[in-house]
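Structure first, commentary second.
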Amino acid sequence: MFHIFQYQPLRLITQNSLSSMCLKLMLSRPVAFAQIWKSWFSSHSLLGKKNIILMGPPGAGKTTVGRIVGQKLDCPVIDIDDDVLETTWNMSVSEKLQDIGCEEFLEEEGKALLKFSASGSVISLSGSNPMHAAGMQHIKKNGIVVYLDVPTTVIMSRLKSKGLDRIVGLSSGVSLKDILQFRKQFYKRWFDIRVLCGGDVAAEMVAEKVLDAVKRYQDSELESFISTRSGRSMEEDSDKFYFSDVVTQGLALDGGLFVPERGLPKFTAEEWQGLIEATYTERAQVILERCIHPADIPASKLAEIIETAYGENFSCSKVAPVRHLAGNQFLLELFHGPTASFKDFALQLVPHLFAYCIPRSCNYLILVATSGDTGSAVLDGFSRLHDTDKQRIALVNFFPEDGVSPIQKSQMIGCQKENAWSVGVKSDFDFCQTAIKQIFTNSDFTGFLTVEYGTALAAANSINWARLLPQIVYHASAYLDLVHQGVISFGSPVDICIPTGNFGNMLAAFYAKMMGIPIRKCICASNENNVLTDFIRTGVYDLRGRKLISSFSPAVDILKSSNLERYLHLIANGDGQLVTQLFNHLENQGHFQLRKDLLGKLQQDLVAGWCSDEDCLAAIHSVYSTTGYILDTHTAVAKVVADRLQDRTCPIIISSTAHYSKFAPAILRALRIAEINQNPLSQLHLLSSYSALPPIHWGLLDTLKKTGNGDHQVCAADMSVLMSHIETLIQNHFM
């Protein structure tokens, strides 16, 4: 008889030796893997007998897959249509549907489900079972619901070849596609695990994917995190870190950054192709489900968070549209969020992930350092939390007082809320970022805050792992959009060019490549603060004698690229000792040099170039003159570098990371306006008179109209001053 673990508490389940064995067998010997499954399930029942419940649209293959899974596990197989409904009614399902009509059929079907019980079985639901809430609540109590997610076009093809006599809701005037789309809301409500099923995937393979997905669901031990500076395998550690931990902790105690110990999930080509017709939010949910274990955030809650983040907060229904610019160049527009930059993609999502993951017994103060766009995005994101969450979560945003654009500063000041503040620091971004890292690793200070005020510190910068995941989504989505538009066929390569400062956006693109998106080259575009460009070309990261240069693209005015550490850890095959040596040398000596073999790996993945302010403004003018489209200063940097480095043998996607409205003085200068009013609102009104594409950003205009400049605090570039400031904010908000 087949047994399966109950969902809670997942963290108590440990079977490390079996996990290792299963992973090896799954890859090399599928038959042996199935035998291990059978043995494991039959001998490790902890909390009662559970069912595997297969759910999906008609034509998804639930019956066939269920039989194969049951055979592999040597357990009973129950088909609701054949074994329950037709037995109960003493007539075929199609006859019953024809006899009583759709509405009454759903009610009768639900009643039959309410009377049904089983344990230790594989159960194949009917396509319409999930539409009856009480029936699904009943059957879900004793099982794990696996959603066989098959593309709508594939389902339609299958059903047309079989005939349509058993589809609830099908009638004249109602299309099959509409019925299938309508039902998705019910499938999404009930599933615990999603299994992507492409059109050409054999039932045997789908059955293996079901077993693999259930194994993952039950064994969260497989998805632990390590520090980039850890010299030990986490299997040797007494404490393990999971997604919930790394979201709340932000930075590892040894000063390193968290990364998944076993890497990111891989998608097959068929799985990616199944997402070509999907909406942005659908793509986001599928990708993030595979990156976040349900023990940390269940699929239903994750869906709710994603819908909250991207449902109404973005001005474009496509969320991250891809626009053809010229020739083989395409723009990935990442500025349609409420604060007009790519930061919104993470920071509309992360606050809700954070609020869900943190324990209720502690208050949290989030520390953020920004070179411009992060500040307003994180303030806006955390201001959208529920009021009860605002009472226990506060945020302080540090930014270089004289190192951001006037409109960026106005945004950060205007976005301050009752639980979120902006503090200008009389220094540059690198100081702000380094100061936050040092505060996190100061155990005396963090311990004092916990004991004295019951408050823990957390980070929402791109050093937080959760910040990277939403960025992976939009890079993958951009590629799928080009396929959907017919620009390329799936499998054809593209290049990516990104204005790069802290390396998070670039790292996310590389992660998308690792997960199966056919990205050929990742092109890093820098301004005159071109330390990264020099490093990628030479393997020498050298800050000696370098001073930060203020530019028209302030978000990439960065000399220390934090997320580079994650990339180096990856290409060094997880050698935490080497990473520690490199970054200690950078901290103490101001430079480090990469080994020749690692430089070779890096240069297979990355190329780099940089752009002067003059070339940046010239590119803005040129593009506007020829297309009527206005690039922001960061996108212009990427455009210049792309023009220089691309070989034009494949499409190139340029990340348009901010709306030009945020940098109005530079844009007006690029458009050769002689006199520029210093008032940010007046600058936006002047730009709007150009009737350019895209139009002036709605959220930015509203913020400036409502708030003006307002007040904010300014402090000296001194660690003790910053820590004192943090303590005062905690006292005022939480005490």
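The values are calculated or read from the model by the stated rules, or taken from the named source; none is laboratory data. This one's a predicted model, so the numbers in the text were calculated from it and none came from an experiment. A quick note on method: Cβ atoms are made from the backbone with ideal geometry, for glycine too, and the neighbour counts reach across all protein chains shown. Accessible surface is based on the protein model in full, side chains and every heavy atom, while ligands, DNA and RNA are left aside. Shrake-Rupley method; radii C 1.70, N 1.55, O 1.52, S 1.80 Å.
Close Cβ contacts (under 8 Å, 6 or more residues apart or on different chains) running from residues in the stretch 441-463 that are open to solvent by 30 Å² or more (accessible area, probe 1.4 Å) to residues that are of a type in the set (G, A, S) comprise T441/G255; T446/A456; T450/A456. L347 satisfies every condition listed in (1) among the hydrophobic types (A, V, I, L, M, F, W, C); (2) surrounded by fewer than 23 Cβ atoms within 10 Å (Cβ to Cβ); (3) within 30 Å of H725 (Cβ to Cβ) except (2). Among the residues making up the stretch 536-554, those that are buried (at least 24 other Cβ atoms within 10 Å of the Cβ) and either of a type in the set (K, R) or in contact with a strand residue (DSSP E or B) (Cβ under 7 Å, 6 or more places away or on another chain) (or both) are I536, Y541, S553. Residue check: is L85 open to solvent by less than 10 Å² (accessible area, probe 1.4 Å) and more than 38 Å from the chain's Cα centre (by Cα)? So L85 passes the test. Within the stretch 570-581, at least one residue is of a type in the set (D, E, K, R) and out of contact with any Leu (no Cβ under 8 Å at 6 or more places or on another chain). Hey, does the stretch 643-656 have a residue that's open to solvent by 20 Å² or more (accessible area, probe 1.4 Å), acidic (D, E) and closer than 28 Å to I523 by Cβ? Yes, there is a match, as at least one residue in the stretch 643-656 is open to solvent by 20 Å² or more (accessible area, probe 1.4 Å), acidic (D, E) and closer than 28 Å to I523 by Cβ. For the stretch 523-573, the tally of residues that are touching a Gly at 6+ places or on another chain (Cβ under 8 Å) and among the β-branched types (V, I, T) stands at 4.
Condition test on D597, is it farther than 22 Å from C522 by Cβ and at pLDDT 95 or above? Against the criterion (farther than 22 Å from C522 by Cβ and at pLDDT 95 or above), D597 does not qualify.
For the stretch 635-655, a residue qualifies if it is part of a helix (DSSP H, G or I) and in contact with a helix residue (DSSP H, G or I) (Cβ under 6 Å, 6 or more places away or on another chain), and the qualifying residues are A636, V637, K639, V640.
Restricting attention to the stretch 409-418, the residues that are in contact with a strand residue (DSSP E or B) (Cβ under 8 Å, 6 or more places away or on another chain) and either in a helix (DSSP H, G or I) or of a type in the set (D, E, K, R) (or both) add up to 3. With a requirement of 1 or more residues that are among the acidic types (D, E) and closer than 27 Å to V483 by Cβ, the strands (runs of 3 or more DSSP E) lying completely within the stretch 310-407 that satisfy it span 329-333. Beta carbons closer than 7 Å, at least 6 apart along the sequence or on distinct chains, pair a first residue in the stretch 529-550 that is of a type in the set (G, A, S) with a second that is assigned to a loop (DSSP other than H, G, I, E, B) and at pLDDT below 95 for S550/G403; S550/D557. Of all residues in the stretch 359-373, those satisfying the criterion of being open to solvent by 10 Å² or more (accessible area, probe 1.4 Å) and in contact with a helix residue (DSSP H, G or I) (Cβ under 6 Å, 6 or more places away or on another chain) are N363, S371. With respect to S422, is the statement that it is modelled with pLDDT under 95, open to solvent by 10 Å² or more (accessible area, probe 1.4 Å), more than 25 Å from the chain's Cα centre (by Cα) and hydroxyl-bearing (S, T, Y) true? Spelling it out, it is not the case that S422 is modelled with pLDDT under 95, open to solvent by 10 Å² or more (accessible area, probe 1.4 Å), more than 25 Å from the chain's Cα centre (by Cα) and hydroxyl-bearing (S, T, Y). Scanning the stretch 559-607 for residues that are open to solvent by less than 10 Å² (accessible area, probe 1.4 Å), among the aliphatic types (A, V, I, L, M) and within 30 Å of P400 (Cα to Cα) returns L564, L568, V579, L606. Report whether or not K639 is touching a residue at least 24 places away in the same chain (Cβ under 8 Å), over 24 Å from D495 (Cβ atoms) and of a type in the set (K, R). No, not satisfied.
Of the residues making up the stretch 169-187, those that are open to solvent by 60 Å² or more (accessible area, probe 1.4 Å), under 28 Å from the mean Cα position of the chain (by Cα) and touching a residue at least 24 places away in the same chain (Cβ under 8 Å) number 1. I'd like the residue in the stretch 143-163 that is part of a loop (DSSP other than H, G, I, E, B) and at pLDDT 90 or above and, out of all such residues, is most open to solvent (accessible area, probe 1.4 Å). Checked the stretch 143-163; the qualifying residue most open to solvent (accessible area, probe 1.4 Å) is P151.
If only residues of the stretch 465-510 that are of a type in the set (S, T, N, Q), in contact with a helix residue (DSSP H, G or I) (Cβ under 7 Å, 6 or more places away or on another chain) and in a loop (DSSP other than H, G, I, E, B) are counted, the one that is surrounded by the most Cβ atoms within 10 Å (Cβ to Cβ) is T500. All of K72, K38 fail the test of being over 20 Å from N142 (Cβ atoms), modelled with pLDDT of 90 or more and not in a loop (DSSP other than H, G, I, E, B), apart from K72. Against the criterion of being over 21 Å from A346 (Cβ atoms), open to solvent by 30 Å² or more (accessible area, probe 1.4 Å), out of contact with any His (no Cβ under 6 Å at 6 or more places or on another chain) and touching a residue at least 12 places away in the same chain (Cβ under 8 Å), D387 does not qualify. Scanning the stretch 699-720 for residues that are hydrophobic (A, V, I, L, M, F, W, C) and loosely packed, with under 14 Cβ neighbours inside 10 Å gives V714, A716. Of everything listed in (1) surrounded by fewer than 17 Cβ atoms within 10 Å (Cβ to Cβ); (2) closer than 24 Å to I436 by Cα; (3) not polar (S, T, N, Q), the single unmet condition for R262 is (2). Residues in the stretch 95-103: is at least one open to solvent by 50 Å² or more (accessible area, probe 1.4 Å) and farther than 18 Å from I179 by Cα? The answer is yes; a qualifying residue exists.
Among the residues of the stretch 194-207, those that are surrounded by fewer than 20 Cβ atoms within 10 Å (Cβ to Cβ) and in a helix (DSSP H, G or I) comprise A203, E204, M205. Regarding the stretch 630-647, can at least one residue be identified that is of a type in the set (S, T, N, Q) and at pLDDT 95 or above? Yes, the stretch 630-647 contains at least one residue that is of a type in the set (S, T, N, Q) and at pLDDT 95 or above. Taken together, the residues in the stretch 279-296 that are in contact with a Leu (Cβ under 7 Å, 6 or more places away or on another chain) and part of a loop (DSSP other than H, G, I, E, B) amount to 2. Applying the set (1) closer than 15 Å to P351 by Cα; (2) open to solvent by 20 Å² or more (accessible area, probe 1.4 Å) to I306 leaves exactly one unmet item: (2). Which of (1) of a type in the set (F, W, Y); (2) open to solvent by 30 Å² or more (accessible area, probe 1.4 Å); (3) without any contact (Cβ under 8 Å) to a residue 40 or more places away in the chain does Y356 not meet, given it meets every other one? Unmet condition: (3).
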